[in-house]
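Okay, structure first, notes after.
The values are calculated or read from the model by the stated rules, or taken from the named source; none is laboratory data. Because the structure is a prediction, the values reported are computed rather than measured. When we count neighbours, we look across all protein chains shown, and the Cβ atoms used for this are built from the backbone with ideal geometry, even at glycine.
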């Protein structure tokens, strides 16, 4: 049997190694417990950008790392050669570009930053959506029975892996009763990742992608939230609310301290291999740093702490550390309650 992968690197090591120097990656933390904590640390690849059991799923009573292995097999490993060719200024075939784009899309949905966004969104929208859907389901059941039609059951692809329990009852008298219980957490997030990277991936419009080069004196950093969907108006007016199907959204992913993957939805990007002018390069560097969640990785640390000052708070640091330490146990217990 294969050993369960519990150290889940949400930013792959094969990607982050481009920022490695003498076996270490210069790392800046955005949350620290005290002022004396070093501004920068030089850490080994294996010890950064991972969370234990981030992608562990429960099937019955068994723990599985199928999502971790699937991400590696379908998105990480196929992109390895393409990233190597970009960094070594070699020609890319259409397949190489396809693997790069798939890698970029996967990187957009698999980080703790995206997990937090997902949980906030689901806590706001899931209950109203379930109430509406269940009400419609009851109406459809009763209409089908009144008209003596066969009741159609439409299955959601992969719904069996959702932390969702549905109960349908028909009392001797009265209306049908349909009840749904769901756990908003890891199981639902992993289902969403799989859904987005299968069915939704197919609907993303074809785009011409390019690799932009940093000018002399500028180095691209990256972060624990490296894929950027930028809604850009001007240097003082931009946000990270762009979308894959939204016209004029700029998609950015640093591939090395020199190379930056880019496309602009609905319009042409720069020519491939363009060396950006210094002012634009510094702006994009700033944007990459601002998009970080908890870590920035950079071979040039000169202005990172100015662009994105760290939060020094012992209580917040403690709460976040304890939350991740209990993450797996809490998620398993919450899903078990639905069984």
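Listed conditions (1) closer than 23 Å to residue 90 by Cβ; (2) touching a residue at least 40 places away in the same chain (Cβ under 8 Å); (3) touching a strand residue (DSSP E or B) at 6+ places or on another chain (Cβ under 9 Å) are all met by residue 219, apart from (3).
Of the strands (runs of 3 or more DSSP E) contained entirely in segment 1-83, those carrying at least 1 residues that are over 23 Å from residue 325 (Cα atoms) fall at 25-29, 40-43. Note on segment 1-46: residues that are under 25 Å from residue 71 (Cα atoms), surrounded by 17 or more Cβ atoms within 10 Å (Cβ to Cβ), touching a residue at least 40 places away in the same chain (Cβ under 8 Å) and in contact with a strand residue (DSSP E or B) (Cβ under 7 Å, 6 or more places away or on another chain) total 7.
Selection of first residues in segment 172-192 that are closer than 14 Å to residue 335 by Cα and of second residues that are at pLDDT 75 or above and assigned to a loop (DSSP other than H, G, I, E, B), restricted to Cβ pairs under 7 Å at least 6 apart or on distinct chains, gives the following pairs, ordered by first then second residue: 190/55. Quick check on residue 280: is it modelled with pLDDT of 95 or more and either outside any loop (DSSP other than H, G, I, E, B) or more than 22 Å from the chain's Cα centre (by Cα) (or both)? Here the answer is yes, as residue 280 does meet what is asked.
Out of 76, 66, 81, I need the residue that is surrounded by 12 or more Cβ atoms within 10 Å (Cβ to Cβ), free of Cβ contacts under 8 Å to residues at least 24 places away in the same chain and under 19 Å from the mean Cα position of the chain (by Cα). Which one? So that I can check it myself, show each step before the final result.
Numbers: 76 fails: free of Cβ contacts under 8 Å to residues at least 24 places away in the same chain; 81 fails: under 19 Å from the mean Cα position of the chain (by Cα).
Exactly one residue qualifies, and that residue is 66.
Which of the residues spanning segment 192-209 are at pLDDT 90 or above and either within 25 Å of residue 57 (Cβ to Cβ) or surrounded by fewer than 19 Cβ atoms within 10 Å (Cβ to Cβ) (or both)? Walk me through it before giving the result.
Kept after step one, since they are at pLDDT 90 or above, are these residues of segment 192-209: 192-198, 208-209.
192, 193, 194, 195, 196, 197, 198, 208, listed by residue number.
From the list 119, 134, 145, which residue is assigned to a helix (DSSP H, G or I), surrounded by 13 or more Cβ atoms within 10 Å (Cβ to Cβ), at pLDDT below 95 and more than 24 Å from the chain's Cα centre (by Cα)? Explain how you work it out, then say what you get.
Working: 119 fails: more than 24 Å from the chain's Cα centre (by Cα); 145 fails: surrounded by 13 or more Cβ atoms within 10 Å (Cβ to Cβ).
One residue alone meets the criteria, 134.
Within segment 289-307, the set of residues being part of a loop (DSSP other than H, G, I, E, B) and at pLDDT 95 or above comprises 291, 292, 293, 294, 298, 299, 300. Scanning segment 227-248 for residues that are in contact with a strand residue (DSSP E or B) (Cβ under 6 Å, 6 or more places away or on another chain), under 14 Å from residue 284 (Cα atoms) and part of a loop (DSSP other than H, G, I, E, B) turns up just one, 227.
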